[in-house]
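Read through the structure below, which is laid out as C-alpha cells, and then see the notes.
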Amino acid sequence: MKKKYQITGMTCSACSNHVLKSVKKVDGVKEVNVNLITNSMEVETTELVTDLDVINAVIAAGYGAKTMEKVEELNYDKKEKTVKVKLTLSIIFLILLMYVSMGHMLHFPLPNILLGTKNALIFAITQVVLLIPIVILNSHYFTSGYKKLFKRSPNMDSLIAIGSSAAIIYGLFVIGKIIYAMSINNYDIVEKYHMELYFESAGMILTLVSVGKYIESMSKNKTSEALKKIMSLASTKAIVIENGMEVSKDINDVKVDDILICKPGMSIAVDGIIIEGESTIDESAITGESIPVYKEKGDFVTSATINTYGSVIYKATKTFENSTISEIIRMVEEASGSKAPVQQLADKISGIFVPIVMLISLVSMVIWLIFSHDFEFSLSIGISVLVISCPCALGLATPVAIMVSTGIGASNHILIKSAEALEVLHNVDTVMLDKTGTITEGKPVVDEIISINGTDNFDILVLVSSLEKLSSHPFAKAILSFDSNLAIKSVDKYETIMGYGLSGEIDGKKYYAGNLRYINQVHTDFNYDLEIYEGKSFIFLFDDKEVIGLITISDKIKETSKFAIKQFKKMKINTVMLTGDNQSAASLVKNNVIVDEVFYELTPANKASIITKFQKEGHKVLMIGDGINDSVALTSADVGMALGAGTDVAIESADIVLVKNDLLDAVNAVMLSKKTMKNIKMNLFWAFFYNIIGIPIAAGIFYPLFNLKLNPMIASLAMSFSSVFVCLNALRLRKFKKIEYRGENMKQEFIVNGMTCGHCSSRVQKALEEKVGTGNVSVDLKKKIVSVDSDVSIEELFAIVKEAGYDPVVYEKKKVFKLFK
C-alpha cells in the first residue's frame, strides 16, 4: 500500500535524510522516498501502518507532515507574496544597517550622533535596532535550526542559526564592554571595541541566505514546468447526465458508469466509451498525434483529450484518480521523487556532513584562538566555516536534474517511471526489439485464406475468428476485422498457450489456431511448402486429426523504425530483433531495417533467456516491446520500455513507457538519459569541488601564506549561490531537442559565422560533403545559411564545421503570422 504525504520544514538534503531515516524505523514500512524538490514523501507500508504512525515519525524527526489523498498541483511556495515582502524588507533594513556600520569607511555622510568614540553606544544600539527586524523576518532559521539541533539532527538551518547567533552574541558582548568602559571613563577600551561589532555580518548572512533560497525556489519552480503543463490538461469539472439533466460536478466526484457529455471545445473528463454521438478528438496532448481522430459509438475516449467537433455522450470506465492523465501525472511525480543510484553517495555524505562541519568550525576557531590570541579573528573563521558549508548544492545536484528530465520526457510523450531507469539507460549497449507492434505497425492485415484439406475458405475464417474473438493478439484483431459481418460461433473450454496459439470447442469439436510450433506439437509429420509466402506470418487451423487451413498475415514496417535503428547504431548500441514469427517473416523485416541480429520463433521464456544470456556476457540490455508475451522480457532486461498502445501488462512491467508508439522516442529517451547523467555528474562535481575548496579557505588554511580568508558575509553569498548554480545548470536540460524523422533525407539548416568569401563557403561545403555525400550540401554565402539533406545529427554537422574552422549556430526562422487560415 502506497501513500503520499506533504512534508513541511525541509530545507536541505540533510533534512530529507532525517525524515527518511525516521520513517524507515516505523514497523511495517517497506520503502520510503522523500522528494526535497516537491517537499513530498511516498511511503509503501503494510496495512497495519496508519497515517498517524507515519506523521508521528516525521514529527519526531522535527518536521511536519499531512496526507495527500489525490494528485495535487505542485506547490513549492503558496506564500510566495509573503516571502517576497519579507525578503524586500530584509534587504531594506540590511542596506540601512550596512550604511550605518560601514558608511564612515566609505566617507558617506552620517549624522554626528553616530560618529566618534563618545557616540559609540548610540552607534552600536542603532545597529541592533536595524538588525532586530531582519532577525524577526528570518526567525524561521533560528526556530528550525535549533529545533533540529536539539533533536540531534542538525541541518542547513542549524548552521545558519549558529553562525548568525555567534555574530549577534559577540556583538552584544562588545556592547557590554563599551557600557562598562564608559562607566569607568576608559575610552581607550571603547575605541578598541566600537568598530568590532558583528551585527552587519549577522544581518548579511540571514538576508543573503534568504535571497539565495528565494532564487533557488524560483529555479526549482521552473524545473517542474513540464509537469505543470501536463497537470493543466486535466479537467476540474465534468458534466454528468442525471435523470435527463446536465449536472456540473467536481472531477473527483465522477464515478465509474456515470454518463457524461462532452461538448465541442471541452476536454474529455475521464476515460470512457462513447454511447451516443460522433466527433473528432484531438489526442495530441496524450499521444502526440497531430491529426484529430474520428470517434463514434463504441470507441474509447481518453481523459484530457479535446473534443473538436460534435457533442458525444460517454460512459465513464475509470474514475479521475485512475484515469490516463492521472496515471501520467502520478508516474512523472513518482519518477521525479525517486532516487538514482548515483545519488546514494551524495545522500550518505549529506547525512553526516552538518555535524562534521560544526566540528571543523569549532576546531578551526580554537586553533586560531590559540595561535593568534585574537578572539574576533577566530570567531569570524568559525562563522565562515559554518556558513559556507551548507550541503544544499550536494543534495540538489541529482533531484533537480531528475525533475527536469522526467518533465521533459513527459512533454515529449516519454514516461519515465523511476530515476534508476533513467540512470541505467545511459549505459545500455544492446537494445532488444520485439517485431510486431514495435518495429512494425502492429496492425497486421489478412492477405489470404488457404484451404489445405478442402474445407471452404469461408468456414475456415468463421472457425478461426470464433477462436480469436477472445484473444488480444494483433493477429486476432486482423482476422476479426477482415469481415465484420461474420456470424461468430460460441467457444467452450477456451485455452491460450502463450507463444503458441489457442484452442477451444466449437459445436462440440476441438479446434486449434496457432503457429507452426503449435502444429508440430499435435501433428509432428506436418509438411507444407511455405516458401512462396516469404515474409508473411501464418495462423494455422487444425484439429486432432488434420490441418484444415491457414491464414496468411502481413504487417507494415513503421516509417520511423529503420531510421531509429540507424540512430541506435550511431550511438554504438547493438540492435537485436526478437519475434515469435517464423524465419521468413523475421528475415524480411531484418533486411528492411538492418538490425545486427535476429532471433525468431521465440516463446516469451525464450526472449527472457536470450536477454539473460546477453547480460551474463556483460551487456546492459534495453528491451522494447508491446505485448503480453513481452512482459517477462521487459522485466528481465536492465531497462524495460513499453509502447503506450501495448497491453496493460507490458506497460506495468516496463520502466519507461513510449506513449506515441514510436521507436524513435526510444532513441530520444537514451539521448535524454545521457544528457541527464552528464548534467548530474557536473552538478555533483561542482558541489563537491565547492566544499573541498570553500571549507579550507573559510578555515583559514591559506591565511598564513597568502593572507587569504573569507569574510562571513562573502561566505554566505558563496553558499547561497552554489545551490542556485546547481538549479540553473539543471535547467539547461530544458534545451534538450529530440531527434525527429523528416523522411529519408532530412533537410537541416543552420548559420555558419566566419565565412567571408567563396573559399570559406567551398571549404565548409567540401568538409560536409565528405560526411553526407556530394550534392547534399548547399551554402548561401550572403545569408551565411548552410542546408544539408541528410539524417546525420546536427551535433555531428556542427562538429565538422567547427573542425573546418568556422562557428555554426542554430538557425531560427522568424514566425510569419497569417491573416487567414
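The values are calculated or read from the model by the stated rules, or taken from the named source; none is laboratory data. Owing to the predicted nature of the structure, the values given are computational and were not obtained by experimental measurement. Every residue, glycine as well, gets a Cβ built from its backbone with ideal geometry; the counts of neighbours run over all protein chains shown. Remember, those area values only see protein heavy atoms, side chains included, never the ligands or the DNA or RNA. Shrake-Rupley method; radii C 1.70, N 1.55, O 1.52, S 1.80 Å.
Checking Glu376 against (1) closer than 19 Å to Leu664 by Cα; (2) open to solvent by 10 Å² or more (accessible area, probe 1.4 Å); (3) in contact with a helix residue (DSSP H, G or I) (Cβ under 9 Å, 6 or more places away or on another chain), which test does it fail?
(1)
Looking at Val256, Val247 in this structure, which one is assigned to a loop (DSSP other than H, G, I, E, B), open to solvent by 20 Å² or more (accessible area, probe 1.4 Å) and modelled with pLDDT of 90 or more?
Val256
Tell me the strands (runs of 3 or more DSSP E) entirely within the range 543-632 that contain at least 3 residues that are open to solvent by less than 40 Å² (accessible area, probe 1.4 Å).
Of the strands (runs of 3 or more DSSP E) lying wholly inside the range 543-632, those with at least 3 residues that are open to solvent by less than 40 Å² (accessible area, probe 1.4 Å) span 547-554, 574-578, 621-625.
Could you check, for the range 3-25, whether at least one of its residues is open to solvent by 10 Å² or more (accessible area, probe 1.4 Å), among the aliphatic types (A, V, I, L, M), more than 30 Å from Tyr214 (Cβ to Cβ) and without any contact (Cβ under 8 Å) to a residue 40 or more places away in the chain?
no
I'd like the residue in the range 633-664 that is at pLDDT 80 or above and more than 21 Å from the chain's Cα centre (by Cα) and, out of all such residues, is least open to solvent (accessible area, probe 1.4 Å).
Ala633
Of all residues in the range 102-124, which are farther than 15 Å from Val190 by Cβ, at pLDDT 85 or above and not in a loop (DSSP other than H, G, I, E, B)?
Across the range 102-124, the qualifying residues are Asn112, Ile113.
Of the numbered conditions (1) hydroxyl-bearing (Ser, Thr, Tyr); (2) farther than 27 Å from Met432 by Cβ; (3) open to solvent by 80 Å² or more (accessible area, probe 1.4 Å), Tyr494 satisfies every one except a single condition; which is it?
Failing condition for Tyr494: (3).
Does Ile557 fit the bill of being of a type in the set (Val, Ile, Thr), without any contact (Cβ under 8 Å) to a residue 24 or more places away in the chain and in contact with a helix residue (DSSP H, G or I) (Cβ under 9 Å, 6 or more places away or on another chain)?
No, not satisfied.
So, in the range 771-786, exactly how many residues are open to solvent by 50 Å² or more (accessible area, probe 1.4 Å), touching a strand residue (DSSP E or B) at 6+ places or on another chain (Cβ under 7 Å), on the phi < 0 side of the Ramachandran plot and not in a strand (DSSP E or B)?
The number of residues fulfilling the criteria is 0.
From the list Leu733, Leu768, which residue is open to solvent by less than 50 Å² (accessible area, probe 1.4 Å), over 24 Å from Ile408 (Cα atoms), within 36 Å of the chain's Cα centre (by Cα) and at pLDDT 85 or above?
Answer to the check: Leu768.
Restricting to the range 176-189, name every residue that is in contact with a Leu (Cβ under 9 Å, 6 or more places away or on another chain) and crowded, with 21+ Cβ neighbours inside 10 Å.
If the condition is that a residue be in contact with a Leu (Cβ under 9 Å, 6 or more places away or on another chain) and crowded, with 21+ Cβ neighbours inside 10 Å, then Ile178 is the only one that fits.
Criterion first (within 34 Å of the chain's Cα centre (by Cα) and either of a type in the set (Lys, Arg) or open to solvent by 10 Å² or more (accessible area, probe 1.4 Å) (or both)) does Pro154 satisfy it?
Here the answer is yes, as Pro154 does meet what is asked.
Of all residues in the range 458-474, which are of a type in the set (Gly, Ala, Ser) and surrounded by 14 or more Cβ atoms within 10 Å (Cβ to Cβ)?
Ser465, Ser466, Ser471
Yes or no: the range 475-489 includes at least one residue that is modelled with pLDDT of 90 or more, farther than 30 Å from Ile739 by Cβ and more than 42 Å from the chain's Cα centre (by Cα).
Checking the range 475-489: at least one residue is modelled with pLDDT of 90 or more, farther than 30 Å from Ile739 by Cβ and more than 42 Å from the chain's Cα centre (by Cα).
A quick yes/no check of all residues on (1) open to solvent by 60 Å² or more (accessible area, probe 1.4 Å); (2) under 15 Å from Gly549 (Cα atoms):
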| position | (1), (2) |
| --- | --- |
| Gly454 | yes, yes |
| Ala476 | no, no |
| Gly499 | no, no |
| Ala513 | no, yes |
| Lys536 | no, no |
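Only residues that are open to solvent by less than 40 Å² (accessible area, probe 1.4 Å) and without any contact (Cβ under 8 Å) to a residue 60 or more places away in the chain: list them for the range 52-61, please.
If the condition is that a residue be open to solvent by less than 40 Å² (accessible area, probe 1.4 Å) and without any contact (Cβ under 8 Å) to a residue 60 or more places away in the chain, then Val54, Ile55, Ala57, Val58 are the ones that fit.
Within the range 201-233, count every residue that is open to solvent by 20 Å² or more (accessible area, probe 1.4 Å) and at pLDDT 75 or above.
4
Run Ala715 past the list (1) surrounded by 14 or more Cβ atoms within 10 Å (Cβ to Cβ); (2) modelled with pLDDT under 85; (3) closer than 17 Å to Asp374 by Cβ; (4) of a type outside the set (S, T, N, Q) and report the number of the one that doesn't hold.
Failing condition for Ala715: (3).
Mind checking which residues of the range 478-490 are open to solvent by less than 60 Å² (accessible area, probe 1.4 Å) and either under 18 Å from Gly508 (Cα atoms) or not in a loop (DSSP other than H, G, I, E, B) (or both)?
Result: Ala478, Ile479, Leu480.
Going by what's in this entry, would Lys678 be described as touching a Gly at 6+ places or on another chain (Cβ under 6 Å), more than 30 Å from Lys782 (Cα to Cα) and not in a strand (DSSP E or B)?
When the stated conditions are applied, Lys678 does not pass them.
Scan Ala346, Ala340 and give me the residue that is under 20 Å from the mean Cα position of the chain (by Cα), at pLDDT below 75 and either of a type in the set (Val, Ile, Thr) or assigned to a helix (DSSP H, G or I) (or both).
Being under 20 Å from the mean Cα position of the chain (by Cα), at pLDDT below 75 and either of a type in the set (Val, Ile, Thr) or assigned to a helix (DSSP H, G or I) (or both) holds for just one of Ala346, Ala340, which is Ala346.
From Val428, Val446, Val387, grab the single residue that is of a type outside the set (S, T, N, Q) and in a helix (DSSP H, G or I). Give the steps one after another, and end with the answer.
Details: Val428 fails: in a helix (DSSP H, G or I); Val446 fails: in a helix (DSSP H, G or I).
The unique qualifying residue is Val387.
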